[in-house]
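The values are calculated or read from the model by the stated rules, or taken from the named source; none is laboratory data. These numbers were taken from a predicted model, which means no experiment stands behind them. Ideal geometry is used to build each Cβ from the backbone, glycine not excepted, and the neighbour counts take in all protein chains shown. All accessible areas refer to the heavy atoms of the entire protein, side chains included, with ligands and DNA or RNA removed. Shrake-Rupley method; radii C 1.70, N 1.55, O 1.52, S 1.80 Å.
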Amino acid sequence: MTRLNFTVNGQATTVEVRENEYLAEVLRYRLGLTGTKIGCNEAECGICTVLVNGAPVDSCIYPALKAEGTSVLTIEGLAESWNVELRMQNAESSLHPPPSKQSEGGSSFLLHPLQQAFAQGGAPQCGFCIPGAILTAKALIDTNPDPSEHDIKVALKDTYCRCAGYSFITNAIQAAARSIRTGEPLPADLYPLPETKTPLKVIGRPLPRPDAIDKVTGAAKYADDYAFPNMLHARTLRAKYPHARIKRIDTAKAKALPGVQAVLTAEDVPGEKNHGLVIKDWPALAYEKVRYIGDPVAIVAADTREIATQALELIEVAYEPLPVVDNPVYANQPDAPQVHASGNLLKHIKVRKGDVEQGFAESDVILEREFRTACTEHAFLEPECAIGRVTDDGRIEVYVGSQIPYQDRSQIAACLDLPERQVRVIGALIGGGFGGKEDIAGQIHVALLAQATGRPVKMLYDRHESLLFHPKRHATLIRVKMGAHRDGTLVAVQTELYGDTGAYASLGEKVMTRATTHSAGPYAVPHMRADCYAMYTNNPPAGAFRGFGVTQSAFAVESMLDILAEELSIDPIELRRKNALRVGSVTNTGQALRESVGLLECLDRVEREIRRTPFAPVLRPASFVSGKVRAWGVAVGYKNTGLGGGAPDKAGAEVELFADGTAEVRTSSAEIGQGLVGVCAMAAAEELGLPYPRVRVLLSDTDLTPDGGPTTASRQTYVTGNAVRLAARALREALAATLAEKYDAPPNRIRFEEGLAQVNGHRIALGDAARLIKAEGREPKALHEYWAPQTQPLGTGGDMHFAFSYAAQAAEVEVDLDTGEVHVLRLVAAHDIGRAINPLALQGQIEGGMIMGLGNALTEEFIVEQGIPFTDTLARYKMPSIKHAPKITSFIVEDETADGPWGAKGVGEIASIPTTPAITNAIYHACGVRVTSLPVDQDKLLRALKAGRHEC
Ligand code: FES
């Protein structure tokens, strides 16, 4: 160990460090400054940025000893450093902005204008990138007090935000810089938002998220930010081959290594050997076979992470390699090796409507094409982490950022052979999920190791392990046959889909069902037939990923619509309008749409906007030989809200009022950056007539919060939002009944506003009303379990889903005919989400979803060859950075749904669905090459251009 002397956040600091330790590790694990995040361990994502002598550095690869004698600023010290600056400025000049003062929970502190602008302007979603982004921005405005958008893009080009609030970040930086330059306070409406309906008291207002301050100050706690005395560190030995029989595992040498406290294999799993969200086919620890390269073979807990890592190398495993099944079409061949004893077919999914053969016979034109989509990676910036410990009363506690805490609990309990009540899952904040944190990661392992050692155990994946292990977006092959009348009326659509669900089921069946049911697009088609084969392979499992299969089929069908439009010489927007679902239409699964179908209005809004520009859509490809060409492309999409398909869809929430006039909402639903915590607080505040800041929200604790169900399928605003709304309403009614009796007034004459109940000229603080209820021997709280409207299984007709969101999007692209490079210059979007609960958070979801759709179109691919991932570092996964973020124009369509809270439907997924085909359609309109395989390959596009081919 070596002594490191430096200044940290203005404090002289001395700490003993190892020679090979990095600055981020020292800050986080030795000094407890957990506001500095580690996202990749390879200086790729930039979120670990701190300032060393005022300059931004990637602290995850910055040798700690290099910081000797320097002054380091982390996010925790930013506000104080700003106050020091202010005091110095005050001594010299009167020009300064009034400090942004926060006062919560009795303590008071001053924020740097960047922190205030980020929080107020909606920049934090999951928040994991925010400390790094703010410090990078500080370094920029320290040297450039008036940065242009271009300056910001250059400075932050290597600081990623996967929630993709890039325009929010740019806007916040410019607002903060302006405030610092001029001394003016930040404007109240910091981020320009699309028009929405007149707000209620709280609902419909663009409010900062309740956790925004914690996220801009570094106080927000994610799983790796927790530590316990005497804690051990765990690591996982993963498979050496993508498909092999396990002949023998010898852990003796690893167990003998000093500092190792436990080495466990499948033999040490006392309960069920497998876990799984739908089908329990995924071994907690591999036995008999490994089926993909991320399979866990053994786990180790040791005094330090380094010892645990050394121990992995001492575990001897004898394998018998087996032939690899590397794609779903091969997997479906009769002679393909079997991944599971049950065979390679996870599910054959069928959709039938009308008589597709008759439909084609009646068609004037029939087109057939084949499309491929890539396996893609969530790339949430927070790698997986779980901590397990045994409590004094012998229960197992697991701290984890999970999208489904109650299902985690039941899976942990089953594998440990414990009753569920013996397990508690406590949700930490989640640094992005996008569907990728629905499956079990280290939860069962830390529980097993904590039980085996009696000590707390932390298991933190580095980026490499995270990439190898967790489920991806399904790679698909989609064949579409489409028949239409000459006037453009769709008559028949037939689709065949192959989905690569990888080694284990995860949510593959559900995802590919959604891909299949949506595979004829949001159109009224009388005759439809779809067959999907969700196939096991030896690739990483595929599961939930924002869009849930619809992203893939939307690319295919929206490309087909454009091909058909050209074939029939019909404007592509007009063709979509002609066939679009509307009230009265019947979907492909036989569901009659009775309300809330805003697709046509979305199309109208987008069309009006893009027709205003000089680059109107062209219907036929132009023939250019050199230079850069631009064009618009359009696509539409729809996505169900909620689980659907007959699955029980419910959420519980509890709301309690306290004597100090605050309220708490409790539900297990997860906040993954999407803004649920704000929706819950707003729903309770609206119903109780409380100021929004007086409502706090406790999420994801299986002991303390009712089950909110999975955070998936764009369901939380609708389902949990309703649970909170109705719980708060029940509490308000209880308050009203008590006050009515005391003041001799009818309950319905009592008004609840601004934290007061007004009755017969009396104004009673709600805290006092809570005391009155307590004095009656009751608790001032209410629990509501909300059940979403019943849905029907696929194939039975009727309502397969209780609501759909709709979107139309347009992309303007520029294609460089000399290089094949594609730039998205502008995106225009209209989304029908029922009702905007919080327009600021809504816009964050929309823009983030669209940037993810842009990445899906142009750059993102998780490459696996013969079961071996090539994409084993973040640097090998090209996701959009701030420099790829185009100007986005957004319109909100609020076609309310009857049962949604204040009419709201889901937004989490729909925003990323039409973006990809809008871009690929624009590419075709610009240069005449139809993209049939994602992502767009610049070299393939160039070769097609040079060869005069019209497809790549
Ligand atoms: Fe930037 Fe989530 S807010 S990664």
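Here are the numbers:
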read-out: Scan of the range 317-326 for residues that are open to solvent by 60 Å² or more (accessible area, probe 1.4 Å) and assigned to a loop (DSSP other than H, G, I, E, B), ordered by number; value: Pro323
read-out: Matching entry among Gln758, Gln790 (being assigned to a loop (DSSP other than H, G, I, E, B) and open to solvent by 10 Å² or more (accessible area, probe 1.4 Å)); value: Gln790
read-out: Contacts under 6 angstrom Cβ, first residue in the range 114-131 being polar (S, T, N, Q) and open to solvent by 10 Å² or more (accessible area, probe 1.4 Å), partner within 10 Å of the ligand (Cβ to nearest atom) and not in a loop (DSSP other than H, G, I, E, B), 6 or more apart; value: Gln125/Gly844
read-out: Which listed residue, of Ser402, Ser410, is in contact with a helix residue (DSSP H, G or I) (Cβ under 8 Å, 6 or more places away or on another chain), within 25 Å of Val697 (Cβ to Cβ) and either free of Cβ contacts under 8 Å to residues at least 24 places away in the same chain or of a type in the set (Asp, Glu) (or both); value: Ser410
read-out: Residue list for the range 630-662, restricted to those being open to solvent by 20 Å² or more (accessible area, probe 1.4 Å) and closer than 30 Å to Asp571 by Cβ; value: Arg630
read-out: Of all residues making up the range 352-394, the number that are away from the ligand (no atom under 16 Å from the Cβ), surrounded by 24 or more Cβ atoms within 10 Å (Cβ to Cβ) and of a type in the set (A, V, I, L, M); value: 2
read-out: Residue list for the range 151-207, restricted to those being more than 30 Å from Glu896 (Cβ to Cβ) and charged (D, E, K, R); value: Asp151, Lys153, Lys157, Asp158, Arg162, Arg178, Arg181, Glu184
read-out: Residue check, Ile180 farther than 26 Å from Leu381 by Cα and among the β-branched types (Val, Ile, Thr); value: yes
read-out: Check on Gly436, closer than 22 Å to Tyr222 by Cβ, within 16 Å of the ligand (Cβ to nearest atom) and surrounded by 24 or more Cβ atoms within 10 Å (Cβ to Cβ); value: yes
read-out: Which listed residue, of Gly488, Gly483, is under 30 Å from Glu574 (Cβ atoms), open to solvent by less than 10 Å² (accessible area, probe 1.4 Å) and not in a strand (DSSP E or B); value: Gly488
read-out: Residue selected from the range 409-433 under the condition part of a loop (DSSP other than H, G, I, E, B) and more than 16 Å from the ligand (Cβ to nearest atom), by the criterion surrounded by the most Cβ atoms within 10 Å (Cβ to Cβ); value: Leu418
read-out: Every pair of residues 6+ apart whose Cβ atoms lie under 6 Å, when the first sits in the range 512-536 and is within 15 Å of Arg582 (Cα to Cα) and hydroxyl-bearing (Ser, Thr, Tyr) while the second is part of a loop (DSSP other than H, G, I, E, B) and open to solvent by less than 10 Å² (accessible area, probe 1.4 Å); value: none
read-out: Some residue of the range 181-195 being outside any loop (DSSP other than H, G, I, E, B) and either modelled with pLDDT of 95 or more or more than 14 Å from the ligand (Cβ to nearest atom) (or both); value: yes
read-out: Close pairs (8 angstrom Cβ cut-off, 6 or more residues apart or separate chains): farther than 25 Å from Val931 by Cβ in the range 349-375, in a helix (DSSP H, G or I) and open to solvent by less than 70 Å² (accessible area, probe 1.4 Å) anywhere; value: Ile349/Glu509; Ile349/Met512; Ile349/Thr513; Ile349/Thr516; Lys350/Thr516; Val351/Thr516; Val351/Thr517
read-out: Unique match (being in contact (Cβ under 8 Å) with a residue 24 or more places away in the chain and under 13 Å from Gly652 (Cα atoms)) among Tyr718, Tyr692; value: Tyr718
read-out: Residue match in the range 44-63 (condition: at pLDDT below 95, under 30 Å from Gly432 (Cβ atoms) and either open to solvent by less than 10 Å² (accessible area, probe 1.4 Å) or polar (S, T, N, Q) (or both)); value: no
read-out: The range 164-180, residues that are open to solvent by less than 10 Å² (accessible area, probe 1.4 Å) and either within 16 Å of the ligand (Cβ to nearest atom) or among the basic types (Lys, Arg) (or both); value: Ala164, Gly165, Tyr166, Phe168, Ile169, Ala172, Ile173
read-out: Count - residues of the range 108-120 that are at pLDDT below 95 and within 14 Å of the ligand (Cβ to nearest atom); value: 0
read-out: Evaluation of Ala450 against (1) of a type in the set (Gly, Ala, Ser); (2) within 24 Å of Ser669 (Cβ to Cβ); (3) over 20 Å from the mean Cα position of the chain (by Cα) (one fails), failing number; value: (2)
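One line per residue, one yes/no per condition, for (1) at pLDDT below 95; (2) closer than 30 Å to Lys510 by Cβ; (3) open to solvent by less than 30 Å² (accessible area, probe 1.4 Å); (4) assigned to a loop (DSSP other than H, G, I, E, B):
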{"site": "Asn722", "(1), (2), (3), (4)": "no, yes, yes, no"}
{"site": "Arg725", "(1), (2), (3), (4)": "no, yes, no, no"}
{"site": "Leu735", "(1), (2), (3), (4)": "no, no, yes, no"}
{"site": "Glu741", "(1), (2), (3), (4)": "yes, no, no, no"}
{"site": "Asn748", "(1), (2), (3), (4)": "yes, no, no, no"}
{"site": "Ile764", "(1), (2), (3), (4)": "no, no, yes, no"}
{"site": "Asp768", "(1), (2), (3), (4)": "no, no, no, no"}
{"site": "Glu779", "(1), (2), (3), (4)": "no, no, no, yes"}
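Residue-wise test of (1) over 26 Å from Cys532 (Cβ atoms); (2) within 29 Å of the chain's Cα centre (by Cα); (3) not in a loop (DSSP other than H, G, I, E, B).
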| residue | (1), (2), (3) |
| --- | --- |
| Gly436 | no, yes, no |
| Met459 | yes, yes, yes |
| Glu465 | yes, yes, yes |
| Arg479 | no, yes, yes |
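Table: residues versus (1) within 9 Å of the ligand (Cβ to nearest atom); (2) part of a loop (DSSP other than H, G, I, E, B).
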| position | (1), (2) |
| --- | --- |
| Cys126 | yes, yes |
| Leu135 | no, no |
| Lys138 | no, no |
| Pro147 | no, yes |
| Asp151 | no, no |
| Asp158 | no, yes |
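So that you can scan it fast, the table gives a plain yes or no per residue for (1) under 26 Å from Asp799 (Cα atoms); (2) within 16 Å of the ligand (Cβ to nearest atom); (3) part of a strand (DSSP E or B):
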| residue | (1), (2), (3) |
| --- | --- |
| Val629 | no, no, yes |
| Gly633 | no, no, yes |
| Gly637 | yes, no, yes |
| Glu664 | no, no, yes |
| Ser669 | yes, no, no |
| Gly673 | no, yes, no |
